[in-house]
Structures are given as C-alpha cells and as structure tokens.
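Accompanying notes for the structure given below.
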Amino acid sequence: MANNNRFDNWKYPEIIDGQPTKYNWIVQNKDALELGYKTDIGTFCYINAKYGVIIEDYVQIGSHSSIYSVSTIDDKTGRVHLKENCKVGSHCTILPGVCIGKNSIIGAHSLVLSDIPDNVVAFGVPAKIIRDINE
C-alpha cells in the first residue's frame, strides 16, 4: 500500500443501525457487516448488509454509492464481498451476490451485476471489464 497520511489516525467508525455515521453514510443490518482496516467510505453511501457485506482492508468507496445484499425488486439475495484495496467510484450500485476482486477499480456511475476479478478496471451499466491493471 502506498503511504497515505490521511489514514495515519484512522479509527473504526461508530456504526448505529439505520443512522448516519459521522461521515454521513448509513448501514442497515450492521451485524452482518464486516468492515476492514483503513477503509474509506464516502458520504451519502448506503449499505444494506442483511445477507452479509464484507469490506476488506484499504477498500475505497466513492460518495453516493449503494451496496445491496438484498434486492426488493427481484427478491435476489446474496453476500457482497469487496476485496482488499479495491476502489469503487462515486454513484455506483453493487447488487446482491457480487464479489469485486483485489485491487480492482470500478468506474463512477457503474452498475455491478456480476463478479469482477482481481486486478482489472471495469465500468458501465452494466459494469464490464475494460482492461487489466498493469502493475
């Protein structure tokens, strides 16, 4: 990980079910949320963890994004897993059962309907893999 000074004093946020954190994001069903170390969740994000949401270490989620482990539109359910160091752009929607791979980047305003492997860039509606990340 690159040294990022804004995380030097990072602490786990206080999460109260259904209420905004001090960073103005909301979690429903917080007992099914696993939040990793030095995560960065943008303002006005919504996380419904009813069927499980795992957010690993160093994950970044842009503002106004939504993560759903349950969909009331089609009754789909499933755990959502954001692997270490992945980045999700602002205004993204991640639907139930999706896993976003380690180091992958999801472009802003994307709709993620299916798994995204490690080390790729994906975006669109629905999100599609655009290229591998060259390290």
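Filter the GluC sites (Glu not before Pro) in the range 8-110 down to the DSSP loop ones having no more than 16 other Cβ atoms within 10 Å, then list what survives.
Sparse-neighbourhood loop GluC sites (Glu not before Pro): E14, E84.
Across the chain, where is the longest run that never hits chymotrypsin sites (Phe, Trp or Tyr not before Pro) in a DSSP loop with at most 14 other C-beta atoms within 10 Å?
It runs 38-135.
What's the center-to-center distance, using Cα atoms, between the range 72-89 and the range 5-44 in Å?
If we compute the Cα centre of each part, the gap is 16 Å.
Can you tell me, using C-alpha contacts under 8 Å and at least 6 residues apart, the relative contact order of the chain as a whole percent?
Relative CO of the chain lands at 14 percent.
Excluding residues fewer than 8 places away in the same chain, name every one of the lysines whose C-alpha is closer than 20 Å to that of K76.
K30, K50
Taking θ as phi - 60°, what are the ³J(HN,Hα) couplings along the range 47-57 by the Karplus curve (6.51, -1.76, 1.60), each to the nearest whole Hz, with x for Gly and Pro?
10, 9, 9, 3, 10, x, 9, 10, 10, 6, 4
State the dimensionless ratio Rg/Rh of the range 29-129 (Rg: radius of gyration of Cα atoms; Rh: Kirkwood radius).
We get a ratio of 0.92 for the range 29-129.
Starting from the Cα of K38, draw a straight line to each of the lysines and keep only those under 16 Å, dropping any in the same chain fewer than 8 residues away.
In chain and number order, the partners are K11, K22, K83, K87, K102.
Nearest 5 percent is fine: what portion of the DSSP beta bridges confined to the chain is antiparallel?
20 percent
Select from the range 1-110 those trypsin sites (Lys or Arg not before Pro) which occupy a DSSP coil region and have at most 12 other Cβ atoms within 10 Å, ordered by residue number.
Answer by residue number: K11, K22.
Read-outs: derived from the displayed coordinates by stated rules, not from any lab. Only a predicted model underlies this, so the values are computations on that prediction, with no experimental measurement involved. So basically every Cβ, Gly included, is an ideal-geometry build from the backbone, and we count neighbours across all protein chains shown.
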